[in-house]
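One structure below.
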Amino acid sequence: MGGIKKFFKPSIDEAQVYSPGGILRVLYQQRQDWVRMMSNESPFEPSPRVLEAVEEAIHKAGWYYDSDFIELREAIADYIGFESERILVGNGSTEIIDMIFRGFVNSGDEVILSDPTYPLYPIRIQVAGGKSVVIPKILPDYRWDIDGIIKAINPRTKIIVVVSPNNPVGNTITEGEMKRLLEQDVLVVLDEAYGEFADKRLTYLAKEHDNIIITRTLSKAFGLAALRIGYTIATPEIINYLTKIKIPFNVNYIAVQAAIAALSDREYLKRVKNEIAKGREYLYKEISAIDGLETFPSQGNFVLVKITKPSVTGTNLEWKLADRQVLTRKYTGKAGLIGEYIRITVRSMDENHKCVEALREIMRK
Ligand SMILES: Cc1ncc(COP(=O)(O)O)c(C=O)c1O
């Protein structure tokens, strides 16, 4: 008979289940007063305009509202300087990423990734039936190996994925490097989830190239991670194609109204960007000054910390910080990273101080 499993698709059956935030998140999710530095969330409450919009929107929870999200797409268009025909809204940028692989990858097609990167990618590629081809980034600072990526392209290659600022390192790809990738006869996905925190974004390349698909989100700088609003920018032809994959009402009405309110409050965004830049600079400087720890310059809302003291591992450090109510994320053993690492999300200044104090104490022993 072969049991129920014979009905499963092997490509899905063999995929891993993604665990956002790692083990500490699962263990300590309920500890609201602990310092949450493990998931690259915003430390700030959403804009007061968002709170107001949500309160109002809940009264219409019984409606099937606009499934094309015209008003939200216009608000996003205004924010990024593109026409709304070039924008599609998703349930977080995660949904968009999934739609892209389901839309473009046939069984056995290849997608090029550069490790270390966001670990969700290989899972979604596998679920879509594709094969990840991984080009390691170049040490010591984990830059993209553009020659290596171009060399790996073959007739089965459909997509190259670039995450910039890259999670977990925080570095960014240059315009010149992106342009070399865009000259190839493949689709290039540029994930700018952390774009707001960077000095410079490359979103504008979507005005010059028709093989680029950009994904962005309101989860990070706008502080709406729990409401799940992301979007993609591409040619109207690609947007029309992806719209066929999108399920109706994929984003709920309350989140849509919250997102419109969030995008209208540019003062809030400016303040968040400033605070995160200050906190990032503080963490970078103070952690680099601790014996046995090194950090990488970051353009995201997080810093990657390399542990160079042989007696300390990423696991040790993650748990010792948790003993002090600071939750971070071990990155040791993640694809493409050589050595012992943890990643720390930039939080409010009080929380950043608490983390640095804890690190100093642990590393002194
Ligand atoms: C690089 C990157 N892309 C995309 C996402 C997904 O964000 P969301 O689905 O909340 O928009 C994350 C979340 O941490 C991320 O790190």
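Assorted remarks:
- In the range 117-146, the residues that are closer than 30 Å to Ile76 by Cα and either within 14 Å of the ligand (Cβ to nearest atom) or touching a strand residue (DSSP E or B) at 6+ places or on another chain (Cβ under 8 Å) (or both): Thr117, Tyr118, Pro119, Leu120, Tyr121, Pro122, Ile123, Arg124, Ile125, Trp144
- The listed residues are Asp98, Asp78, and the only one of them that is in a helix (DSSP H, G or I), within 21 Å of the chain's Cα centre (by Cα) and of a type in the set (Asp, Glu) turns out to be Asp98.
- Filtering Val251, Val356, Val326, Val305 for residues that are touching a Cys at 6+ places or on another chain (Cβ under 7 Å), of a type outside the set (Gly, Ala, Ser) and over 19 Å from Gly195 (Cβ atoms) leaves a single hit, Val326.
- No other residue among Tyr284, Tyr341, Tyr268 is over 28 Å from Ile138 (Cβ atoms), surrounded by 18 or more Cβ atoms within 10 Å (Cβ to Cβ) and not hydrophobic (A, V, I, L, M, F, W, C) apart from Tyr268.
- Among the residues of the range 44-75, those that are over 22 Å from the mean Cα position of the chain (by Cα), acidic (Asp, Glu) and over 14 Å from Lys246 (Cβ atoms) comprise Glu52, Glu55, Glu56, Glu71, Glu74.
- Residue that is nearest to the chain's Cα centre (by Cα) [pool: residues in the range 101-115 that are surrounded by fewer than 21 Cβ atoms within 10 Å (Cβ to Cβ) and within 16 Å of the ligand (Cβ to nearest atom)]: Asp115
- Residue, farthest from Val188 (Cα to Cα), within the range 136-157, restricted to residues that are buried (at least 20 other Cβ atoms within 10 Å of the Cβ) and in contact with a Phe, Trp or Tyr (Cβ under 9 Å, 6 or more places away or on another chain): Tyr142
- Restricting Ile173, Ile245, Ile213, Ile238 to those that are away from the ligand (no atom under 16 Å from the Cβ), in contact with a strand residue (DSSP E or B) (Cβ under 9 Å, 6 or more places away or on another chain) and either closer than 23 Å to Ile125 by Cα or not in a helix (DSSP H, G or I) (or both) reduces the list to Ile238.
We did not get these values from a lab; they are worked out from the coordinates using the rules stated. Quantities reported herein were computed from a predicted structural model and do not represent experimental measurements. Reconstructed Cβ throughout: ideal geometry from the backbone, glycine too, with neighbour counts over all protein chains shown.
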